[in-house]
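Okay, structure first, notes after.
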Amino acid sequence: MYMAANKPEVIAPNRQIPIVFGNGAMGNIFASWVNSVTDFEIISGTGTPEGAVFAKKTKLYMDESGSAGNILYIKTTEVQLNTGWVLV
């Protein structure tokens, strides 16, 4: 992943390199690409993520049981802990 004009962009993996090895394991380049795409995914669940959901900074969480104004959270702490979630 790289930043273009301050917007994250996922680059497609090179089609000339196998995405998996003969043993079924993901190749490093494909694994990196999968991780980049996964970083854009919003975590969802029921209830607050504070104290329950581990994630890295800037990750989003949607509370499926929340009411208007109590749905979206953003992770604000650097380390991968289950605290630091702020209601947006």
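Some values worked out for this structure:
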{"quantity": "Only one of Val53, Val88 that is under 27 Å from Glu9 (Cβ atoms), buried (at least 16 other Cβ atoms within 10 Å of the Cβ) and β-branched (Val, Ile, Thr)", "calculated": "Val53"}
{"quantity": "Positions within region 9-41 being in a loop (DSSP other than H, G, I, E, B) and within 19 Å of Lys56 (Cβ to Cβ), in sequence order", "calculated": "Val10, Phe40, Glu41"}
{"quantity": "Residue match in region 67-75 (condition: surrounded by 10 or more Cβ atoms within 10 Å (Cβ to Cβ), at pLDDT 85 or above and part of a loop (DSSP other than H, G, I, E, B))", "calculated": "yes"}
{"quantity": "Residue that is farthest from Gly84 (Cα to Cα) [pool: residues in region 32-52 that are within 12 Å of the chain's Cα centre (by Cα) and of a type in the set (A, V, I, L, M)]", "calculated": "Val34"}
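The values are calculated or read from the model by the stated rules, or taken from the named source; none is laboratory data. All values derive from a computational prediction rather than experimental measurement. Every residue, glycine as well, gets a Cβ built from its backbone with ideal geometry; the counts of neighbours run over all protein chains shown.
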